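Remarks on the structure that follows.
The values are calculated or read from the model by the stated rules, or taken from the named source; none is laboratory data. Small disclaimer: the values here were computed from a predicted structure and weren't measured. Positions of Cβ are backbone-derived with ideal geometry, glycine not excepted, and every protein chain shown enters the neighbour counts.
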Amino acid sequence: MCSARRPTECLMSLLERIPAMSDEEVVNFLTNARRLAEQGNEAQQAAAAELLPALEVEAETRKTARLERAAAKRAATRKLPKSVAA
């Protein structure tokens, strides 16, 4: 269990959870970590500093994948009428 005396125990479990989070959860977690990095107490700022790099990479990776899927879907939709017309 997490305790204020051992914040690194919490960090590992949170870092391990990131890949299993939904896109919305990752974005919310990233927003909260950024806020705590700026406005939190010393322990919260330290924990946020540890989590931010992993959260930023995960959020960017998911955004890129989402944009690529959308582009592929648009491209497939554009090609569909041409093949139907043939």
Q) Being at negative phi, modelled with pLDDT under 95 and not in a helix (DSSP H, G or I), is that true of even one residue in the stretch 78-86? A) yes
Result of the Cβ filter at 9 Å on the stretch 33-59, keeping first residues that are over 11 Å from L15 (Cβ atoms) and partners that are surrounded by 18 or more Cβ atoms within 10 Å (Cβ to Cβ) and of a type outside the set (A, V, I, L, M), at least 6 apart or interchain, is A59/F29
Checked the stretch 18-48 for anything under 22 Å from R66 (Cα atoms) and surrounded by fewer than 12 Cβ atoms within 10 Å (Cβ to Cβ); matches are P19, A20, S22, E24
